Amino acid sequence: MSERTVSPEQSEFRDYCRRWLAENRPAAPTFRLPLSAIEVMTEEQRRYLCAWQKRCYDAGLIGSDYPKEYGGGGHRGFQQIATQELGRAGVPYMINIIGLNMAAPTILNHGTDEQKRRYLPPLLAADEIWCQGFSEPNAGSDLAGVQASAVRDGDNWIVNGHKVWTSLAHFASWMIMLCRTSNTHKYDGLTYFIVPIAGAKGVTVRPLIKITGETGFNEVLFEDVVVPDSMRVDKVGNGWTVAMTTLLYERGAAEGAGSGGGPSLEEQIRQLVALAKRMKRGGRPAWDDAVVRDRVMQLAIRAEGLRQNARRMRVETLTDQPMRLPLQSKALVSELLQDIAAVAMEIEGPHASLYLGDAGAPDAGHWPHAHLNSYGFTIAAGSNEIQRNILGERVLGLAKSK
C-alpha cells in the first residue's frame, strides 16, 4: 500500500483503530506474560491472550483483508494499518501468531473453499490455536529432508514421524505439517496437510525446556495418526511449493492475517535509555558515560533505519526489487533485539546475573531473559545465515555457495 495512495476509507480506518485501542486497552495481567506468543506456557496466559485476540478480531483489527465468507473483514489495505496501530499502542501481542502469520495465508492461497470456511474463522478469533510441523530432529535447516511420512489408505492418510521445535503445540488444535509421501524425489515427494493435535489418537506432545527455563515449544510424535484426505492442502507432491508460501509469510515478506502488539523497537530503546539513567557506575548514572550513550544511539539508529525501511516498502516507486527489503527484516530485527539485550546486560554489569524472580534484578530480570531468548529468533524461520544466502542468491543474483 503506497503512502501516496491512501484512500479516505483507509485513513478513516486508521483513526478508528487508534480510538478503539485507546478505549479498549486491556487491564494488565496479575501474572507475567512471556516476551512473545511462542513462549506462552500456562493456561492463564492462554486465556488472557485468547480473549484479547478475540476482542481485536470482533473489532475488525484481525483478518481485516480476508474475504467475509471466510470470517474476514472483506477490506483491502486495512490489515497493515491495524498491525501498525497495534504496534504503536503497546498492547498485548496476538497469541495465535502461527495461525495468523503462517496457517491462514497458506490456507487462503492453497486451501479448498471448504477448508477456508472451516478453519479460518476460528483461527482468526483465537478459538483454535495452530502450530507448525516443519522441523524434525534430522531435518532442520534442510527442510526438504523431512521424513515424517504420510501413507495413503483409501480416503485417509496414515501419518507417522517426529516433529520438533513446535511452538504452541501444547495448546494447538491443528498443525500445518509437511510430510513425505514419496521417496522417489526429494522435493516432489512432499505433501502438505492440516493435522489434528489436541486429543488426537496417536499424537504425543512433549515440552522442550529452553535455556530461559520456559517450555513454550515442544516435540510432537505421530504414531499411525489418521488424517482424512480432505485435510490435504493442494495436490499430492506439491508440498514444497505450499511450504514456500508459508515461509514467505513466516519471514515477514508478506502481510499475514494480523499481528502487532507487544513493545515496539522504539519502546525498547526508550527502556534501554531509562535503564542507563538508573544504573550507577562509580556513583554516577551509566548514561553519563559517553561510550554507553554512543552504544545506545547506534542501536537507536538501527531501529530508525528499520522503521524507515518499513515506510519505504509501502512506496512502490522506491522499491526496485519487491523482496529485497521484506526478506531483510527477519534477520535485521532479530539481531537488533539481540544486541539491545546485550547492551542492557553490559549496562547492568554484575546485576545482569540476576534473573526472573530475583527481587534485586533490574527491570525484574527482563534483560538477561531477553538476551537468552533472542537466540531462538535468530534461528527460527530459517537461521539468519540461511536468510542471507536467500537474499544473496535469489534476490541479488549472487553465485550459490558450494
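The values are calculated or read from the model by the stated rules, or taken from the named source; none is laboratory data. Computed from a prediction, not measured in an experiment: that's the story for all the values here. Note that we place each Cβ from the backbone using ideal geometry, even for glycine, and neighbour counts take in every protein chain shown. Note: accessible area is taken over every heavy atom of the protein model, side chains too, but ligands, DNA and RNA are not part of it. Shrake-Rupley method; radii C 1.70, N 1.55, O 1.52, S 1.80 Å.
Which pairs in the list LYS210/LYS235; LYS68/LYS186; LYS163/LYS235; LYS54/LYS330; LYS54/LYS277; LYS54/LYS201 are over 31 Å apart, alpha-carbon to alpha-carbon?
LYS210/LYS235; LYS68/LYS186; LYS54/LYS277
Using mean Cβ contacts within 10 Å as the protection proxy, how do 212-223, 119-130 order, highest first?
119-130, 212-223
How many percent of the accessible area of the range 284-402 is carbon or sulfur, using a 1.4 Å probe?
59 percent
If you wrap a convex hull around the C-alpha atoms of the range 163-314 and split its volume per residue, what is the figure in Å³?
186 Å³
For the range 19-120, count the residues as N, evaluate 2.2 N^0.38 Å, and divide the Cα radius of gyration by that value, please.
1.11
So which residue, out of LYS330, LYS116, LYS186, gets the largest mean-square fluctuation from a GNM of the chain using Cα contacts under 10 Å as springs?
LYS186
In the Gaussian network model of the chain, springs joining C-alpha atoms below 10 Å, which of ASN160, ASN138, ASN96 carries the largest mean-square fluctuation?
The residue that fluctuates most here is ASN138.
Relative to the longest principal Cα axis of the chain, at what angle does helix 79-89 sit, 0 to 90 degrees, rounded to 10?
30 degrees
Taking LYS280 as the anchor, which aspartates and glutamates have their alpha carbon closer than 20 Å to its alpha carbon, excluding any fewer than eight residues away along the same chain?
In chain and number order, the partners are ASP288, ASP289, ASP294, GLU346, GLU348, ASP358, ASP363.
Provide the net charge surrounding ASP224, with neighbours chosen by a C-beta distance below 11 Å and charges set as Lys +1, Arg +1, Asp -1, Glu -1.
Net local charge, ASP224 excluded: -1.
Relative to the longest principal axis of the C-alpha atoms of the chain, give the angle of the C-alpha long axis of helix 326-348, reported between 0 and 90° and rounded to the nearest 10°.
The angle comes out at about 40 degrees.
So what is the relative contact order for the range 247-320, in percent, with contacts set as C-alpha pairs under 8 Å and at least six apart?
RCO, the range 247-320: 20 percent.
Find the relative contact order for the chain and round it to a whole percent, using C-alpha pairs within less than 8 Å whose residues are 6+ positions apart.
Answer for the chain is 15 percent.
Using the beta-carbon distance between SER11 and THR184 and R0 = 60 Å, what value does 1/(1 + (r/R0)^6) give for FRET efficiency, to the nearest 0.05?
0.65
Skip the ligands, DNA and RNA, and give the accessible area per residue of the chain with a 1.4 Å probe, whole Å².
47 Å²
Just to be sure I understand the model, the point goes 7 Å from the Cα along the line to the Cβ. What's the resulting THR204 to ALA310 distance in nm?
Between THR204 and ALA310, the label points sit 4.3 nm apart.
Highest mean first, how do 146-152, 356-362, 226-232 rank when packing is the count of other Cβ atoms within 10 Å averaged over residues?
In descending order of packing, they fall as 146-152, 226-232, 356-362.
For GLY140, which sequence-distant residues (separation of 5 or more, or a different chain) have an amide H within less than 5 Å of its own amide H, given hydrogens modelled in the peptide plane?
Amide H to amide H, under 5 Å and 5 or more residues apart or across chains, GLY140 pairs with nothing.
If amide H atoms are built 1.01 Å from N in the plane of the peptide, which residues on other chains or at least 5 residues away come under 5 Å of the amide H of GLY133?
ILE176, MET177, LEU178
Please list, ordered by chain and number, the residues whose modelled amide H lies under 5 Å from the amide H of TYR93; skip anything fewer than 5 residues away on the same chain.
Amide H neighbours of TYR93, under 5 Å, 5+ apart: GLY262.
Hey, of [x] -0.26, -0.77, -1.16, -1.61; [y] -0.32, -0.79, -1.04, -1.26; [z] -0.25, -0.71, -1.03, -1.38, which did the structure itself give for log10 I(q)/I(0) by the Debye sum over Cα atoms at q = 0.06, 0.10, 0.12, 0.14 Å⁻¹ when calculated?
[z]
As a test of understanding, state the convex hull volume per residue of the range 336-400 from its alpha carbons, in Å³.
So the per-residue hull volume is 89 Å³.
Farthest toward the dipole's positive end in the chain, which of THR42, LEU327, THR181, given Cβ charges of +1 (Lys, Arg) and -1 (Asp, Glu) about the Cα centre?
Checking the options against the dipole of the chain, the answer is LEU327.
Express the carbon and sulfur contribution to the solvent-accessible surface of the range 1-88 as a percent, rounded to the nearest whole number, probe 1.4 angstrom.
On the range 1-88, the fraction of accessible area on carbon and sulfur atoms equals 50 percent.
If I fit a long axis through the Cα atoms of helix 265-278 and take the longest principal axis of the Cα atoms of the chain, what angle between them do I get, 0 to 90°, rounded to 10?
Between helix and principal axis, roughly 30 degrees.
So, with +1 on the Cβ of K and R and -1 on the Cβ of D and E, and no other charges, what is the size of the charge dipole of the chain about its Cα centre, to the nearest 20 debye?
Using Cβ point charges on Lys, Arg, Asp and Glu, the chain gives about 700 debye.
Heavy atoms only, probe 1.4 Å: what % of the accessible area of the range 142-222 goes to carbon and sulfur, would you let me know?
About 52 percent, which is the carbon plus sulfur part of the accessible surface.
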